[in-house]
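Below: one structure, written as structure tokens.
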Amino acid sequence: MTTDLVSHQLVRYLEHRGVKHIFGLCGHTNIAVLAALSKSDQIEFVNTRHEQLASHAADGYARASKKASVVLSHLGPGLTNAATGVANAALDSVPMVVIAGDIPSHYYGKHPHQEVNLHADGAQSEIYRPFVKRVWRVESPHLIAEILDKAFILAESGRPGPVLVDVPMDIFSREVDVATFDKVMANTQELVKPSLDPATAERIVGNLLAAERPLLHVGGGVVLADATDELAELVDHLQLPVTHSLMGKGVVADDNPCVLGMTGFWGTEFVNEATRNADWILALGTRFAEADSSSWEEKYTFQIPDTKLMQIDIDPAELGRNYPLEIGAVADLKPALAALVTAARKLAPTGVQRPELLAEIKRNHDEFAAGNAAAVASDAWPMRPERILAEAREVLPRDAIITTDVGWNKNGMAQQMDILTPGSVFTPGGFATMGFGAPAALGAKLAAPERVVVSLVGDGGFGANPSLLYTAREKGIAVVWVVMNNNAFGTIAGLEKAHFDTTYGTVFENADGPVETDFGAIARAYGVDGISLTSAAEFKPALADAIARNRPVVIDVPMINVPTPTSGHWNIMDIYSPGAGIHHAATS
């Protein structure tokens, strides 16, 4: 029997799986793994100054690489610091393997340093149970190889998501039979995914062809399944109109003439009416979230069951969760859409033409752009957010990866900014986590170094943890952060102003007036290029210059705090101001 340290074999296993980067932070429970990683010529440890940064960066890495990312965490506060980013990944179905050190196994219940044992001994792993797909606590060295293999397979299969492998620190330094790792490394790394049978595919397509007003409603699950090419082929062959959720932004490129836009609270009246008037809807990879569905109130968006709904998802729990179904199918969307394309070409060999519908979609887009034209052209200072988004689109290459946070950079982007390459926008959907966008860009750039990566982020989100700039500088990660700086938690400030006529606790000010932050200066203090704008005319050339530098750059863009325009509905408004029909108010 050949033996080796668990930490060494752990690194060998990760190399075998093709892991190139691990995100995390040191602690006394995981330095045995760091020591083993120091000898690896295949894996780079990406050191962050806070574990939430590590988990958000790993999230962005997984979205860009389409493989499970890896987080290495210390116990206790390390694991709880990372929890927000891991939960964000869970709610957005992003695969991630979290490997955490824990207290020594022989000290359970004695309350050694940083043990969580208020309700059970050695219970830190329980903290993650509500949001990860599975929690393993490794009780013996001979089990770790098997657990690691299960962890990666589970994270990447079915509905993807994070898992936790919790390892008492003494086990990292124990001897293990190398054969236990050899055995699991002979296992397949990818499972065959379920598809639609031909009869079901033809039934679905037949309903769409017979419909007077068919509609596809698509979500982020299409990107997770890497099925955007198949979806575009189906859309183009049948000229099916497409609406999308927030997470479905750009799943079909926004310059495709069949794309109507986003539904729900941040959607337009035209898009929401299209969902209400459809006679058949096929939903793909979407969970009909509250904001996308106008709080599920049929007078605003989705009049189901008057509309007949078909839904395909890898997770059976999402089928029929919020709306009744005519057809529900559990399938991976890549083979499922391939089956739908085959059925469409069989049942409609020459395709379908809908010129009047396409003309109507174009008229609506043109009218929306005309309504935005004054804001886009405005020289106002601080800048109009509409101009920031429009000029960013003009400068960025078609396939640039864009990460967003929350606020105008997310809601305005989804409503007004064209995404031209499917899967190129990363946004925090399910958890709507402030602080996601800036570190997610780090992971995205490491996974796709050949692509331009720009983070559109508010001052609240960027200011939550600017120490990400240390990691960017240390590793030379050439991300450009556009800080849309309205000196407030802007969206919430607009809500509070509209409904309670105050901005208390939401605008950055004290008795002496505004308390402003120059994020360009903060970047320069970290040794990163920082650009602090003084006029709207400077933004577009500054962004082009920042991209050309090919190194990390922060652009501080003072921005007026006006609400993202919407005719949509979210019933929190009725909680604040029943029956008043109020949304947000400008605070600038």
Quick count over the stretch 547-588, residues being out of contact with any strand residue (DSSP E or B) (no Cβ under 8 Å at 6 or more places or on another chain) and surrounded by 17 or more Cβ atoms within 10 Å (Cβ to Cβ), is 12
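Results for (1) within 25 Å of P565 (Cα to Cα); (2) hydrophobic (A, V, I, L, M, F, W, C); (3) surrounded by 23 or more Cβ atoms within 10 Å (Cβ to Cβ), shown as yes or no for each residue.
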{"position": "I388", "(1), (2), (3)": "yes, yes, yes"}
{"position": "A400", "(1), (2), (3)": "no, yes, no"}
{"position": "D405", "(1), (2), (3)": "yes, no, yes"}
{"position": "W408", "(1), (2), (3)": "yes, yes, yes"}
{"position": "P428", "(1), (2), (3)": "yes, no, yes"}
{"position": "A440", "(1), (2), (3)": "no, yes, yes"}
{"position": "S455", "(1), (2), (3)": "yes, no, yes"}
{"position": "G458", "(1), (2), (3)": "yes, no, yes"}
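Could you say which residue among P578, P563 is at pLDDT below 90 and assigned to a loop (DSSP other than H, G, I, E, B)? Walk me through how you get there before you give the answer.
Values: P578 fails: at pLDDT below 90.
That would be P563, the only listed residue that is at pLDDT below 90 and assigned to a loop (DSSP other than H, G, I, E, B).
Between I419, I477, which is among the β-branched types (V, I, T), in contact (Cβ under 8 Å) with a residue 24 or more places away in the chain and closer than 20 Å to G530 by Cα? Even if it seems obvious, please write down each step before you answer.
Working: I419 fails: closer than 20 Å to G530 by Cα.
Unique residue meeting the criteria: I477.
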Among helices (runs of 4 or more DSSP H) entirely within the stretch 127-209, at least 1 residues that are in contact with a Phe, Trp or Tyr (Cβ under 8 Å, 6 or more places away or on another chain) and modelled with pLDDT of 95 or more occur in 144-156, 178-185
Condition set touching a helix residue (DSSP H, G or I) at 6+ places or on another chain (Cβ under 6 Å) and outside any loop (DSSP other than H, G, I, E, B), scope the stretch 524-533, selection farthest from P552 (Cα to Cα): answer is S532
Taking the stretch 476-517 and keeping only residues that are buried (at least 17 other Cβ atoms within 10 Å of the Cβ), of a type outside the set (G, A, S) and in a helix (DSSP H, G or I), one is left with T491, I492, L495, E496, K497, H499
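Of the residues in the stretch 273-308, how many are of a type in the set (A, V, I, L, M), over 15 Å from G248 (Cβ atoms) and either touching a Leu at 6+ places or on another chain (Cβ under 7 Å) or in a helix (DSSP H, G or I) (or both)? Talk me through it step by step, then tell me what you get.
Residues of the stretch 273-308 of a type in the set (A, V, I, L, M): 274, 278, 281-284, 289, 291, 304.
The next check asks that each one be over 15 Å from G248 (Cβ atoms); those that pass are 278, 304.
Of the ones still in play, those that are also either touching a Leu at 6+ places or on another chain (Cβ under 7 Å) or in a helix (DSSP H, G or I) (or both) are 278.
Of the residues in that region, 1 qualify.
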Of the conditions (1) out of contact with any strand residue (DSSP E or B) (no Cβ under 6 Å at 6 or more places or on another chain); (2) over 19 Å from M434 (Cβ atoms), the single one that I522 does not satisfy is (2)
Is there a residue in the stretch 231-250 that is aliphatic (A, V, I, L, M), outside the structural domain of D149 (by TED's automatic domain parsing) and in contact with a Ser or Thr (Cβ under 9 Å, 6 or more places away or on another chain)?
yes
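Please go through the stretch 1-43 and pick out each residue that is part of a loop (DSSP other than H, G, I, E, B) and surrounded by 15 or more Cβ atoms within 10 Å (Cβ to Cβ).
So the first thing to find is which residues in the stretch 1-43 are part of a loop (DSSP other than H, G, I, E, B), and the list is 1-2, 17-20, 25-30, 38-43.
Within the stretch 1-43, R17, V19, K20, L25, C26, G27, T29, N30, S40, I43 qualify.
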Subset of the stretch 160-185, residues closer than 12 Å to A145 by Cβ and not hydrophobic (A, V, I, L, M, F, W, C), comes to D177, T180, D182, K183
So, first residue within 10 Å of D182 (Cα to Cα) in the stretch 8-20, second residue part of a helix (DSSP H, G or I) and charged (D, E, K, R), Cβ within less than 9 Å, six or more apart or across chains; the pairs are Y13/D149
The residue that is surrounded by the most Cβ atoms within 10 Å (Cβ to Cβ), considering only those in the stretch 44-53 that are within 14 Å of K475 (Cβ to Cβ) and not hydrophobic (A, V, I, L, M, F, W, C), is T48
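In the set V222, V167, which member is under 26 Å from Y61 (Cα atoms), touching a strand residue (DSSP E or B) at 6+ places or on another chain (Cβ under 8 Å), of a type in the set (A, V, I, L, M) and not assigned by TED's automatic domain parsing to the domain that holds I147? Reasoning before the result, please.
Numbers: V167 fails: not assigned by TED's automatic domain parsing to the domain that holds I147.
Going through V222, V167 in turn, just one is under 26 Å from Y61 (Cα atoms), touching a strand residue (DSSP E or B) at 6+ places or on another chain (Cβ under 8 Å), of a type in the set (A, V, I, L, M) and not assigned by TED's automatic domain parsing to the domain that holds I147: V222.
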Scanning the stretch 121-146 for residues that are over 22 Å from N187 (Cα atoms), within 25 Å of the chain's Cα centre (by Cα) and not acidic (D, E) gives S125, I127, Y128, R129, P130, F131, V132
Conditions (1) touching a helix residue (DSSP H, G or I) at 6+ places or on another chain (Cβ under 7 Å); (2) modelled with pLDDT under 95 -> K249 fails only (2)
Taking the stretch 165-186 and the residues there that are of a type in the set (D, E, K, R) and surrounded by 17 or more Cβ atoms within 10 Å (Cβ to Cβ), the one that is farthest from G76 (Cα to Cα) would be R174
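Among the residues of the stretch 218-253, write down those that are assigned to a strand (DSSP E or B) and more than 17 Å from K334 (Cα to Cα). Steps first, answer last, please.
From the stretch 218-253, those assigned to a strand (DSSP E or B) are 218, 242-244; that's our starting set.
V242, T243, H244, listed by residue number.
Of the residues that make up the stretch 328-339, is at least one touching a Pro at 6+ places or on another chain (Cβ under 7 Å) and not small (G, A, S)? Outline the logic, then answer.
If we filter the stretch 328-339 for residues that are touching a Pro at 6+ places or on another chain (Cβ under 7 Å), which is where we start, we get 330-332, 339.
If we keep only those that are not small (G, A, S) as well, we get 330, 332.
Scanning the stretch 328-339, I find at least one residue that is touching a Pro at 6+ places or on another chain (Cβ under 7 Å) and not small (G, A, S), so the answer is yes.
Please pick out the residue among G520, G494, G513, G490 that is more than 19 Å from L446 (Cβ to Cβ) and without any contact (Cβ under 8 Å) to a residue 24 or more places away in the chain.
Numbers: G520 fails: without any contact (Cβ under 8 Å) to a residue 24 or more places away in the chain; G494 fails: without any contact (Cβ under 8 Å) to a residue 24 or more places away in the chain; G490 fails: without any contact (Cβ under 8 Å) to a residue 24 or more places away in the chain.
Criteria check complete, one pass: G513.
Can you go through P316, P324 and tell me which one is within 25 Å of V192 (Cα to Cα), surrounded by fewer than 17 Cβ atoms within 10 Å (Cβ to Cβ) and either touching a Phe, Trp or Tyr at 6+ places or on another chain (Cβ under 6 Å) or not acidic (D, E) (or both)? Break it down into steps so the answer makes sense when it comes.
Numbers: P324 fails: within 25 Å of V192 (Cα to Cα).
The unique qualifying residue is P316.
The values are calculated or read from the model by the stated rules, or taken from the named source; none is laboratory data. Remember, it's a predicted structure, so these values are computed and weren't measured experimentally. Cβ atoms come from the backbone with ideal geometry, glycine included; neighbour counts cover every protein chain shown.
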